[in-house]
Amino acid sequence: QVQLVEHGGGLVQAGGSLRLSCVASGGSFSTAVMGWFRQAPGKEREFVAQITPSGLTRDYADSVKGRFTISRDNAKNTVYLQMNSLKPEDTAVYYCTSSSKWGQRKPDEIDYWGQGTQVTVSS
C-alpha cells in the first residue's frame, strides 16, 4: 500500500518560511499527481496545491498563490511545499496527498493521505 510521510512542520513567526517534504513509498510515484491539503482546528480540510507527475504544471489555492511553491523530485520519490510569507491563518495540519487524476481539489477525490504535520504561525 502507498505510504506518504511528511516532514518539516514546526513553529514559525508571521512572515517567516518553512519547507515541508513528503516521501512516498509503495507505489509509482512518477505517475502520481501529488499535492497538499491542510486543516485548521474547527475548519474543513482544504486544498492547498497539486503538481502533475512531470512536475511541469502546478495548481494552487488562491489563498497561497504567490507565497507557496510545490515541487517534486521523482528520483527521490519526494514532493515539497515551500511556504514563504507565512500568515497566522496558515496555521494547520498539512497533509501530503497522492491521486491518479489531475485537478482533484476535494478531499474525497484523493487516493492516499499522509498522517499530517503541524504548522503553526505566530503573530
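State yes or no: is V48 open to solvent by less than 60 Å² (accessible area, probe 1.4 Å), farther than 18 Å from K87 by Cα and not small (G, A, S)?
Taking the combined requirement at face value, the residue does not satisfy it.
Among the numbered conditions (1) touching a Phe, Trp or Tyr at 6+ places or on another chain (Cβ under 8 Å); (2) among the polar types (S, T, N, Q); (3) over 15 Å from V119 (Cα atoms), tell me where S54 comes up short.
All conditions pass for S54, except number (1).
Within the set of pairs 6 or more residues apart or between chains, which connect a residue that is farther than 21 Å from A14 by Cα inside region 110-123 to a residue that is among the polar types (S, T, N, Q) and not in a strand (DSSP E or B) with Cβ atoms less than 7 Å apart?
What qualifies is I110/Q104; D111/S100.
Tell me, yes or no, whether region 91-100 has at least one residue that is part of a strand (DSSP E or B), in contact (Cβ under 8 Å) with a residue 60 or more places away in the chain and open to solvent by 80 Å² or more (accessible area, probe 1.4 Å).
Checking region 91-100: not a single residue is part of a strand (DSSP E or B), in contact (Cβ under 8 Å) with a residue 60 or more places away in the chain and open to solvent by 80 Å² or more (accessible area, probe 1.4 Å).
Can you name the residue in region 71-90 that is in contact with a helix residue (DSSP H, G or I) (Cβ under 9 Å, 6 or more places away or on another chain) and part of a strand (DSSP E or B) and is also most open to solvent (accessible area, probe 1.4 Å) among such residues?
For region 71-90, the residue satisfying everything is R72.
Outside any strand (DSSP E or B) and open to solvent by 10 Å² or more (accessible area, probe 1.4 Å): which single residue out of Q118, Q104 fits that description?
Being outside any strand (DSSP E or B) and open to solvent by 10 Å² or more (accessible area, probe 1.4 Å) holds for just one of Q118, Q104, which is Q104.
Can you name the residue in region 1-45 that is polar (S, T, N, Q), surrounded by 13 or more Cβ atoms within 10 Å (Cβ to Cβ) and in contact with a Ser or Thr (Cβ under 6 Å, 6 or more places away or on another chain) and is also farthest from C96 (Cα to Cα) among such residues?
For region 1-45, the residue satisfying everything is Q3.
The values are calculated or read from the model by the stated rules, or taken from the named source; none is laboratory data. Treat the numbers as computed from the prediction; the structure is a model and nothing was measured. No Cβ is skipped: glycine too gets one built from the backbone with ideal geometry, and neighbour counts run over all protein chains shown. Just the protein is used for accessible areas: all its heavy atoms, side chains included, with ligands, DNA and RNA removed. Shrake-Rupley method; radii C 1.70, N 1.55, O 1.52, S 1.80 Å.
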